Amino acid sequence: QASRSSLLRRGVARRGAMAVISQTHPPAAEAQKAAPQDDSVTAVKKDVVWLEFEQVSFPMMVASAMVWPAICAVPLALTLGGSWFGYQAVFPASWYDEAPVVQNLGAYGVADPRTIKPLGLSLGLLAVAVGQAFMVFYHWLRRSGFLGPTTRIQAQERVYDYLQGLKTHLAQPEGFGQLGGYLIGTWMLGWMPSSYYSFGGGINWVHVAAQLLIQDCIQCLMHYGEHRISMWIYRHSHKPHHRFTNPRLFDAFDGSIADTTCMIVIPLAITARLVPANVWSYMAFGTLYANWLVLIHSEFAHPWDPLFRRLGFGTAADHHIHHKLFKFNYGHLFMYWDYVLGTYKDPKTQACKHFNKGV
């Protein structure tokens, strides 16, 4: 009994000592819970995807977004310019047709180029060229810091001279040479649907959206096929473009003739036969498509990227995922197709691995 009472007294004393220790030194979890939280750190962790929006001031965001209407400057000016810049005020009526034109194809399935009015073709090529000028100027402003702070997509910086990069961009035969040849050939040989030769009706934005969606859907499927059908097809078509695992904006059209044929020319031919667009809608689609393809190769995140991602539109970081990991994000302008294929990967998954936060 004496030993039992002694043990009881020791147990009570030990519990009392533990109570005193716990009061003066609370457990780590409770201490962490009781400690005040740093609101700024919490905000960064919670809204890291919006980092680019928080860095760039509202005026700089608006200035950056102006590149989109600038890309469409030619069709917008000529359809909305009225008596000042409207196409009816600028060009003689004999140079264009308001109604659709069915071209007279000869025995070999081609029209006589002398019978086809080239104004629509010339303006279309001019629209893309002007859009490219505004787009590369925007990139220079962003790269130079004139449009606010920038967030580099990949952690590893790719250093290059801007003018040298621009020179390589403009010299790509797979881009401007091959695509220009397609546009000139299909127009002057009378192979475009009749509605595309019509100047009447202005820009139909429903047709523009339909062209962008259909073109990107077919391009995504062709892209997926180049990767998945066989290694021989991939090696002889798309692999040259994939040597850029950390692409820059000027790498967009640096690939191969076979790749451009599969992923751009064939989808363009199919899309033209599915959407009855007029010349202005075709022009707006062409310049938006060509310049958007370049913008998603940018080494910097764009101020509009968080909004685009919420809408399912393709961003530069989405496309960098494809260049870095190869088997994800086959879409270019839209990510809807990757959602269906199960191949979409969010750039946030690569934060602090290959990518910077906030892209």
Could you rank PHE91, PHE137, PHE58 by how accessible they are, 1.4 Å probe, largest area first? PHE58, PHE137, PHE91
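Can you pull out the GluC sites (Glu not before Pro) in segment 98-206 that DSSP calls coil and that have at most 14 other Cβ atoms within 10 Å?
Working: sites: GLU98, GLU157, GLU174; in loops: GLU98, GLU157.
Of the GluC sites (Glu not before Pro), the ones in loops of segment 98-206 whose Cβ has at most 14 other Cβ atoms within 10 Å are GLU98, GLU157.
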Report the gain in length on full extension from LEU274 to ARG114: 0.36 nm times residue separation, minus Cα-Cα distance, nm rounded to one decimal. 54.9 nm
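Which trypsin sites (Lys or Arg not before Pro) from segment 258-359 combine a DSSP loop assignment with at most 12 other Cβ atoms within 10 Å?
Values: sites: ARG273, ARG309, ARG310, LYS324, LYS327, LYS345, LYS348, LYS353, LYS357; in loops: LYS327, LYS345, LYS353, LYS357.
Answer in residue order: LYS327, LYS353.
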Output the peptides 298-305, 162-169 sorted from most to least packed, where packing is the average of other Cβ atoms within 10 Å over each peptide's residues. 298-305, 162-169
Could you work out how far apart the two model spin labels at ARG235 and CYS352 are, taking each label as a point 7 Å from the Cα in the direction of the beta carbon, and quote it in nm? 4.0 nm
Let me confirm the definition first: pairs of Lys residues in segment 210-359, 8 or more apart or on different chains, C-alpha distance under 19 Å. How many are there? 12
Sum of side-chain charges, ARG143 neighbourhood, beta-carbon under 14 Å (Lys, Arg +1; Asp, Glu -1): +1
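The values are calculated or read from the model by the stated rules, or taken from the named source; none is laboratory data. Computed from a predicted structure; not experimentally measured. Please note: Cβ atoms are built from the backbone with ideal geometry, for glycine as well, and neighbour counts cover all protein chains shown. When the accessible area is computed, the model is the full protein with side chains, heavy atoms only, and any ligands, DNA or RNA have been set aside. Shrake-Rupley method; radii C 1.70, N 1.55, O 1.52, S 1.80 Å.
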